[in-house]
Amino acid sequence: MQRFHDKVIIVTGAGSGIGKATAERFLSEGGQVTLVGRTMSKLEEVAKRYSPDQVLIVEADVSNEAEVAAFVAGTKEKFGRIDILVNNAGVVAEGDVETLSTDDWRNVMATDLDGVFFASRSAMPHLKSSKGSIVNVSSVSGTGGDWGMAAYNAAKGGVTNLTRAMAMDHGKDGVRINAVCPSFTSTGMTQDMMGDEKLLARFNERFALDGPGKPEDVAGVIAFLASEDARFVTGVNLPVDGGISASNGQPPQ
C-alpha cells in the first residue's frame, strides 16, 4: 500500500519502540517523515535505509517549547506541508504520590503531556491547511489506573482527554485527532518487564490474545487512524491491548 504518498508526517520519539515502528510504517507506505528524538544515533539508524529526500532527522526534546516549534517549522521548510502528527514521545517514572520526587513528576508531565500540547499547537495551523490529522500515543494507563504509576497515569489520562477536546475543537477545521492506547508492548521501556517470567505469566492471564504486543502492532493502528480509511473517525482513544479492556476485571476462572 502507498496510502501516504505525498503526505508529510512528524513522528516524535521516533528512534525506538513504537515511534520507530510507526515511522517505518509511514515510510514504507510512501510518506515523507520527520524523525524526532533525543538521541541522534538512533534516528540515524532508522533513517539510513531511506532516501534523504524522504526523511528529516531532528534531535529535539518535546518538553522544550522552542525546540518543538523549530522541528515543526523545519518540517514545513523541507517538505512544504504537514499532514500528520504522531505524538509518541514519552517517559515513565514509578511511584505513588508519597514516593514520587517533584523532579520525576515534572519530567513525566513535561514529556508525556506538555509535549503533546506543544507539538499539537505548533502543527495545528499547518494541519488545518492540509486537512490533516493527529494521532496521540496514550496508554491503557490513560483509561484506567495502575498501582504505583501515579505520574504516568495522570499524564496519559491527560493525553486521553486532550485527544477528545482537540477533536471537538478542530473537527470543523477538517482536522481529525485520535489516540491509541497500548497495553504491555515489547519496547525498550519495558525491557526489564520482558525478563520477568512471573510477571509475563500474570499479564498473559489478562490478555485475550497472545501477548505482549509488538511495536508494529501499534504502528499499524496508528497508520489506520491517520489514513483516509478513518476519515470519519475522530475523538477516539482506541485500545491496542490484546483484549485486556474486554475484561470486567475479574480473574480467569
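Values in this text are rule-based calculations from the coordinates and carry no lab data. The model shown is predicted, which means the values in this text are computed figures rather than measured ones.
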Give me the percent of Cα-Cα pairs in segment 79-212 that sit more than 26 Å apart, rounded to a whole number.
32
Quick check on the chain: helices-only [θ] at 222 nm, where DSSP H runs of length 4 and up contribute -39,500 (n - 2.57) each and the sum goes over total residues. Nearest 500, please.
-13000 deg cm²/dmol
Would you mind telling me which residue in 71, 118, 203 has the biggest mean-square fluctuation in a Gaussian network model of the chain, where springs connect alpha carbons within a distance under 10 angstrom?
203
Given the options 229, 104, 217, which has the most mean-square fluctuation in a GNM of the chain, springs set between C-alpha atoms less than 10 angstrom apart?
229
Per 10 Å bin from zero, what fraction in whole % of the C-alpha pairs of the chain is there, up to the bin with the longest pair?
8, 32, 37, 18, 4, 0
Normalised radius of gyration for segment 69-126, please: alpha carbon Rg relative to 2.2 N^0.38 Å, two decimal places.
1.45
Under 10 Å, Cα contacts only: if you run a Gaussian network model on the chain, which one of 150, 14, 219 comes out with the highest mean-square fluctuation?
150
Reachable aspartates and glutamates from residue 78, criterion Cα separation under 17 angstrom, eight or more residues apart if same chain:
6, 53, 59, 67
